[in-house]
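A quick write-up on the structure given underneath.
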Amino acid sequence: MAALKEPVKIFIVQSLACFETPQQVVEAVKQEYEIEITRQQVALYDPTKVAGRNLSKKLKDLFERTRKDFRENIEDIAIANKAFRL
């Protein structure tokens, strides 16, 4: 596994907090940062999964804050509202 820099880790955590699938995150990281990672590596950054149980407190807090903001402000982004699209 490639060692990831802090901006990539933050991008992964925020994407997962917004309910993106690991495969979607892998593709987004490849497109955004031109880095090849695996779905298993992405799972390490999801504190709701067993693989992410050892995630740093800083990234766990970021995940929780991002998910809370995403859930509370979902009405503000109608076209991006996943519930609306479904």
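Just so it is clear, none of the values below were taken in a lab; they were calculated from the coordinates. These numbers come from a predicted model, not from an experiment. Ideal geometry is used to build each Cβ from the backbone, glycine not excepted, and the neighbour counts take in all protein chains shown.
Apply the Debye scattering formula to the range 6-85, with a single equal point scatterer on each alpha-carbon and no solvent, then give log10 I(q)/I(0) at q = 0.12, 0.13, 0.15 Å⁻¹.
-0.34, -0.40, -0.53
Report the local net charge at residue 37: Lys and Arg +1, Asp and Glu -1, summed over other residues whose C-beta lies under 14 Å from its C-beta. Don't jump to the answer; show the numbers that get you there.
On the way: positive: 5, 9, 30, 39; negative: 20, 27, 32, 34, 36, 46.
So the surrounding residues net to -2.
Give a residue-ordered list of calculated ³J(HN,Hα) values for the range 18-29 (Karplus: 6.51 cos²θ - 1.76 cosθ + 1.60, θ = phi - 60°; whole Hz; x for Gly, Pro).
So the J values, rounded to whole Hz, are 8, 6, 6, 7, x, 5, 5, 5, 4, 5, 5, 5.
Quick one: length gained pulling residue 27 to residue 5 fully straight, 0.36 nm per residue minus the C-alpha distance?
On the way: separation 22, 0.36 × 22 = 7.92 nm, distance 1.71 nm.
Length difference between fully extended and current span is 6.2 nm.
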